[in-house]
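The values are calculated or read from the model by the stated rules, or taken from the named source; none is laboratory data. Keep in mind it's a predicted model, so treat the numbers as computed, not measured. Cβ placement follows ideal geometry from the backbone for every residue including glycine, while neighbour counts extend to all protein chains displayed.
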Amino acid sequence: MGIASTTSLAAGSYTITANFTPTNPAAWSANSAQATLVVSGESVWIVDGAGGTSELAGNGFGITSTADPGADGAVAIDNTGNVWSVGAGPLLEETSQTGIVQQSVNSGSGLDAPAGIAIDGNGQVWVTDGNNAVSLFSNAASAISPSGGIVDPSVLSTPAGIAVDLGGSVWIANTGNNSVTRILGGAAPVAPLATAAAGGNTGAKP
């Protein structure tokens, strides 16, 4: 028996009831059992390097037994709770909290070998690219930045980590020249800080 559908639950306590109705009442008796499910509303999403994304409960217990669909390089959560990830393939993907693919993007806005991802206060998706550029997408995965991405050869050099601060500035860590680039007021402010999780850098959803 497989799972036909899934539903995202709000934080709270739920009673799960399982009813057994035998096809042969002469051999088996009908039975019923109940269990309590507590949803904390807190979870941690991690990228698996080669297998997609996985979800952990707030106490570290594994929620996903196998990797959910998703890219495998960095991950961020938007203000609706959807999970955005970047990696080798697909380059950019959005999945629901229950692992259902919402968007899958492999081109546009200069997207090329993405390394980091952040979500701003309007749900816009900021991605650092291996071609010394930054890509910007709407929350519906529509391209916003030019076809070559946002570029500035004087400062952007193999950008990796990226975050949006409370004032709406975009901060980019450049691994090519060991510098940090700030795009002043380039994004919608977030509260609290929204950032990617890549290379040990962590953050929280807006």
Checklist entry - Given the conditions (1) more than 22 Å from THR175 (Cα to Cα); (2) modelled with pLDDT under 95; (3) in contact with a strand residue (DSSP E or B) (Cβ under 6 Å, 6 or more places away or on another chain), which single one is not true for PHE137? => result (2)
Checklist entry - Across segment 140-178, which residue is modelled with the highest pLDDT among those that are of a type in the set (A, V, I, L, M) and exposed (fewer than 14 other Cβ atoms within 10 Å of the Cβ)? => result ALA140
Checklist entry - Does any residue in segment 1-30 that is on the phi > 0 side of the Ramachandran plot come within less than 7 Å, Cβ to Cβ, of a residue that is assigned to a strand (DSSP E or B) and modelled with pLDDT under 85 six or more places away or on a different chain, and which pairs are these? => result GLY12/VAL39
Next on the checklist: Quick check on segment 6-24: of everything there that is within 25 Å of ILE100 (Cβ to Cβ) and surrounded by 10 or more Cβ atoms within 10 Å (Cβ to Cβ), which residue is modelled with the lowest pLDDT?
Outcome noted: THR6
Next on the checklist: Looking at VAL127, VAL190, can you tell me which residue is buried (at least 17 other Cβ atoms within 10 Å of the Cβ), more than 25 Å from GLY49 (Cβ to Cβ), touching a Leu at 6+ places or on another chain (Cβ under 9 Å) and touching a residue at least 40 places away in the same chain (Cβ under 8 Å)?
Outcome noted: VAL190
Checklist entry - Does SER147 meet the test of being among the hydroxyl-bearing types (Ser, Thr, Tyr) and either touching a strand residue (DSSP E or B) at 6+ places or on another chain (Cβ under 8 Å) or without any contact (Cβ under 8 Å) to a residue 12 or more places away in the chain (or both)? => result no
Checklist entry - Do the conditions hold for THR80, that is, is it part of a loop (DSSP other than H, G, I, E, B) and not charged (D, E, K, R)? => result yes
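Tell me the residue from GLU93, GLU42 that is at pLDDT below 80 and charged (D, E, K, R), please.
Residue meeting the stated conditions: GLU42.
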